[in-house]
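Here's the structure, in structure tokens; my notes come after.
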Amino acid sequence: MIAASAKIHPLSVIEDGAVIGENVVVGPFCHVGPKVVLGEGVELLTHVVVTGRTDIGRGTRIFANAVIGGDPQSVHHDGAETTLSVGEMCVIREGVTMNTGTTEGGGRTVVGSNNLFLANSHVAHDCQLGNHIILSNNVMLAGHVTVEDRVILGGGSAVHQFTRIGRQAFIGGLSAVSYDVIPYGMLNGNPGILGGLNVVGMSRAGMEKATIHAVRRAFKQIFDGEGSIRANAAAIRADYADSVPVMHILDFIAAESDRALSSPNRGKG
């Protein structure tokens, strides 16, 4: 079904069954598969492939040579029909790839809204991404990665499968993210080391100085204390019950995960 207000270039292919919303623009040499849904105002500039069972949210723009909704790049993929959902107002630049999920991973890759994906970045099968995220050029997310709201990943950084990156964390360019990164953390290097807190990002987000100082105190107690990271985090929970950002960190540490936690000190659990 193609809305009457949609503008489809005659050199593009829209397969039967695709749903094309109001005011969608499809430029030349694009290919839209039969199980794709393009929401209102979506724009495919040129040479874009959207395939698989893929939904693209309102106002998202996709640039040349992006392939969105391709089969998961997993040896465990059994050919079952899985999905990719991309939210509203995302910008997906040249050469970006995003894959659908796998049956064993829940069958869904989910990308939130207002995200920016720079050229040649990759979102693998079963990833779960929040909102207002930036993937810089050539960022690689392996399968089953979780990225929370307002994370920035620097160019060429790579994230190991099943890793979690907490809200408003900052990943430096060319970093190797092998372990979970706490909310508001700043990680750099290969292997990636948690170097401190994303204070600049916290300030830009409007966080008050007193709140930032509280997060800094908690960070030192968690990572410089005599006990393990998790034991230290549990020990200070009552002291920070009124600090929402600190509780984000403590809840993140307490949650179950397939990966260890990134730390300033290698080998400390």
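Normalising by the residue count of the chain, find the relative contact order in percent from Cα pairs under 8 Å and 6+ residues apart. Numbers along the way, then the final one.
Details: 809 pairs, mean separation 23.0, N = 269.
Taking the mean separation of contacting Cα pairs over the length of the chain, I get 9 percent.
Let me check against my output: what whole-number percent is the relative contact order of the range 1-76, with C-alpha pairs under 8 Å and at least 6 apart? Let's see the in-between values first.
On the way: 210 pairs, mean separation 17.6, N = 76.
The value is 23 percent.
The phi-based Karplus calculation (6.51 cos²θ - 1.76 cosθ + 1.60; θ = phi - 60°) puts the 3J(HN,Hα) values of the range 220-227 at 5, 5, 6, 9, 10, x, 6, x Hz, whole numbers, x for Gly and Pro.
Of all the options Asp78, Asp55, Asp126, the one that moves most in a Gaussian network model of the chain with Cα springs shorter than 10 angstrom is Asp78.
Pairs of Lys residues in the chain that lie 8 or more places apart, or on two chains, and have C-alpha atoms under 30 angstrom apart add up to 4.
Bridges between two residues of the chain, per DSSP, are antiparallel at a rate of about 5%. Normalising the average separation of contacting C-alpha pairs (under 8 angstrom, six or more residues apart) by the number of residues puts the relative contact order of the range 7-144 at 16 percent.
Projected label points at Glu256 and Asp242, each 7 Å from Cα along the beta carbon direction, are separated by 3.5 nanometres. Computed per residue of the chain from DSSP H runs no shorter than four, each worth -39500 (n - 2.57), the mean residue ellipticity at 222 nm is -4500 deg cm²/dmol.
Throughout, read-outs are computed from the coordinates displayed, never taken from laboratory work. Everything numeric here is computed off the predicted structure, so don't read it as measured data. Note: ideal-geometry Cβ built from the backbone for every residue, glycine included; neighbour counts use all protein chains shown.
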